[in-house]
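In what follows, a single structure is set out as structure tokens and then discussed.
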Amino acid sequence: MTAKNNSTALRTHLCGEMHAEKIGQKVTLCGWVGRRREHGEHLAFLDLRDYSGIVQCVVDNSVDVRSEWVIRVTGTVQARPAGTVNENIPTGKVELADCKIEVLNNAEPPPFPIDQRGDDVDENVRLKYRYLDIRRERMQKNLRLRAAVNSAIRKSMESQGFTEIETPLLMPSTPEGAREFLVPSRNEPGSFYALPQSPQLWKQLLMVAGIDRYYQIAKCLRDEDLRADRQYEFMQLDAEMSFVNKDDVMTMISTAVIAAAKAATGSEPPPIERMTWHEAMNDYGIDKPDLRFAMKLVELTKVFASTEFKAFASAESIKAICVRGADYPLQAASGRNKLDALTERAKKLGAKGLVWIKVADGSVLESPVAKFLSAKEQADLIAQTKATVGDLILIVADQWATTCSVLGQLRNDLGRPPVHEGPYRYVWIVDFPMFVGINPTTNMPQPGHHPFCHPHQEDVDRLETEPLSVRALAYDLVLNGWELGSGSIRIHEPELQRRVFRQLGISDEDADARFGFFLQPFKYGAPPHGGFAFGIDRLVAILAGEDNIREVIAFPKTQSGSDPMTNAPTTVDAAQLKELGIRLLPPAIK
Ligand code: ASP
């Protein structure tokens, strides 16, 4: 920061620039009044705050300024007297003396303190007065970090030859998988626009249009239940490129993510690892594995291949996690209540049950089921899980998918640190399945991603005969157990697109009626292409050390989707509804 850049008609410097080298200089600063401390009979200390920091001003105690008043202070920078230096703040060696104060605006007392004393204020109150919450250091830091991340992403994408192009917000409804926000049309009552779940269709059309490399920091909207890592509206780095394979896409996106991480943290993360979807599910029981901790799933199906124990005998897949006594003191992980709770949790997650086994002294297995296991099975179990005294083994026997997902969730429940903690472990998950099961009502396969993902070349022939075995050229980027984003190589062959639509129960006529505008252009020479999108809110939250994306969004919605400041969503005038051709159902029928 240089004084020149920060000086304006009203000020010469920022508060945060008041360091020892300014001693002796006369400066004019603007900002808000922070804490005030009376000092002796005639003097008071005022903290003056702007976004760059705070500086102590020595003022006559007759000065009538109160918390959060906006003032302009002219004074001389002086060294603080010995013994009064504050090492905890960057400007703690100096203070402003001989201050002349001009009140620019006064203020009502704020509903919560703007300094650290306001840290545990209820979130609804913070959101109701978000403009004051943003005045606080935490939000100032987070929003500026977010801007640094955006800027690094833009620079990286541009240096890799991408062109930034904006795409429409008002568009037709598309089959991308999430529930859409609809906007009624006034000119065509009864018709609706959809707000974009992502710019997916547009960016693919830009490839047909010969743009070659497109990117956009795009607002996306999905009407889905909100969580710590989900808001109705969120920002994505959205990118698409032509004449590429998946490695090209992953390399370019990795470059942008690494640049963003470096801009935020000052250090470059190691090259991003890769794992297939099958490995992720098999070893971690989840397609967004958190690699910061071990507790991998251990394969036991062979160990119990000829077991007499009924619950294991007929299971397609038997796996375990071993909860290390050293990491999780046995009392904490395996007290009776805790074990009952874990069993209940496993059942809720879809398992028929959960077998727990404690390893006691002399490698004796303590468990209600120990007596059903042969000596060899017990020894092999210990060998496979590498369990030692004090460890707790949790076993699930079920269909492979259930075994994996239940243990994957228990692993997260028991071992996962808060998302921002510890090292940053990025991982690419590749080779997702094209379909994730059969929809029981329609009897049709359910898409794993959006229906524009290209099937793996080797698997295309099995699209109709064995759809569940078909892999997609789709990949996700995961950071500390959060899905940062996903992408794929797209279908550019119109006939293949129709085959995929048919598999999803969308007939050729339906496809033409609903997405003709999208399919038609593919007849005019669509290049092979692929792309990716990742959530900027999620990346910034983790890099900022926050567990909730609301902390890195200026004006987010609450968990229930409302805005305590503006009261959105709100009702609208009857006249406005009439104009749109909308009549509301009585509340009871809603
Ligand atoms: N449009 C996709 C999404 O937002 C990402 C992609 O396939 O590029 O999830």
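Couple of notes before you dig in:
- Average silhouette area of the stretch 179-332, convex hull of alpha-carbon atoms, in square nanometres: 17.2 nm²
- Bridges between two residues of the chain, per DSSP, are antiparallel at a rate of about 95%.
- Fraction in percent of alpha-carbon pairs per bin - 10 Å, the chain: 3, 13, 19, 20, 19, 14, 9, 3, 1, 0
- Hits among lysines - C-alpha to C-alpha of Lys219 under 16 Å, sequence gap 8 or more where chains match: Lys203, Lys557
- Ranked by the mean number of other Cβ atoms within 10 Å of their residues, highest first, the peptides 107-114, 203-210 come out as 203-210, 107-114.
- Sequence-separation-based contact order of the chain, relative, with Cα cut under 8 Å and 6+ spacing, percent: 14 percent
- Put Ser191, Ser62 in order of accessible area, highest first, and with a 1.4 Å probe you get Ser62, Ser191.
- 20 Å Cα-Cα threshold exceeded, pairs from Lys348/Lys371; Lys296/Lys319; Lys310/Lys347; Lys246/Lys523; Lys296/Lys358: Lys348/Lys371; Lys246/Lys523
- Ranked packing of 286-298, 151-163, 538-550, most packed first, by mean Cβ within 10 Å: 538-550, 286-298, 151-163
- Solvent-accessible area per residue, Å², over the chain with all protein chains present [probe radius 1.4 Å]: 49 Å²
- Cβ-Cβ FRET estimate between Glu273 and Asp98, R0 fixed at 51 Å, reported to 0.05: 0.30
- Taking amide H atoms as placed 1.01 Å from N in the peptide plane, the amide H of Tyr193 lies under 5 Å from those of Val183, Ser185, each 5 or more residues away in sequence or on another chain.
- Taking a sphere under 9 Å around the Cβ of Tyr214 and counting the other residues whose Cβ falls inside, with K and R at +1 and D and E at -1, yields a net charge of -2.
- Helical contribution to [θ] at 222 nm, DSSP H n ≥ 4, -39,500 (n - 2.57), averaged over the chain, rounded to 500: -8000 deg cm²/dmol
- Coupling constants for the stretch 59-72 follow from the phi torsions by the Karplus curve (6.51 cos²θ - 1.76 cosθ + 1.60, θ = phi - 60°), and in residue order they are 10, 5, 6, 7, 5, 9, 10, 10, 3, 6, 5, 9, 10, 10 Hz; glycine and proline get x.
- Each residue was assigned an accessible area with a 1.4 Å probe, and for Asp563 the value is about 20 Å².
- Amide H to amide H distances under 5 Å link Val303 with no residue, where only residues 5 or more positions off or on other chains count and H is placed in the peptide plane.
- Alpha-carbon centroids, the stretch 125-186 and the stretch 352-376: separation in whole Å: 52 Å
- Shape class for the stretch 41-121, computed from the alpha carbon gyration tensor (a ≥ b ≥ c): oblate, with a/c not under 1.5 and a/b at or below b/c.
- Per the Debye formula on identical point scatterers at the alpha carbon atoms of the stretch 369-428, with no solvent, log10 I(q)/I(0) at q = 0.13, 0.24 Å⁻¹ is -0.53, -1.15.
- Counting only residues at least eight positions apart within a chain, or on another chain, the lysines with an alpha carbon under 16 Å from that of Lys155 are Lys262.
- Reach of Lys578 by Cα under 20 Å, taken over lysines that are not fewer than 8 positions away in the same chain: Lys590
- Between the listed residues Ile536, Pro196, Trp69, the Cα displaced farthest toward the positive end of the dipole of the chain, a dipole computed from Cβ unit charges relative to the Cα centre, is found at Trp69.
- Here the relative contact order of the stretch 243-344, from alpha carbon pairs under 8 Å that lie six or more residues apart, stands at 14 percent.
- The chain, accessible surface, carbon-and-sulfur percent (1.4 angstrom probe): 52 percent
- The Cα atoms of the stretch 276-321 cover 37, 18, 14 Å along the three principal axes, with the biggest extent listed first.
- Once C-alpha pairs closer than 8 Å and six or more residues apart are averaged by separation and normalised to the residue number of the stretch 444-541, the relative contact order reads 30 percent.
- Listed peptides 528-534, 183-189 by packing density, highest first (mean Cβ within 10 Å): 528-534, 183-189
The values are calculated or read from the model by the stated rules, or taken from the named source; none is laboratory data. Please read all numbers here as calculations on a predicted model, not as lab measurements. In this analysis, Cβ positions are derived from the backbone assuming ideal geometry, glycine residues included, and neighbour counts consider all displayed protein chains. Areas reflect the complete protein model, heavy atoms only, side chains present, ligands, DNA and RNA absent. Shrake-Rupley method; radii C 1.70, N 1.55, O 1.52, S 1.80 Å.
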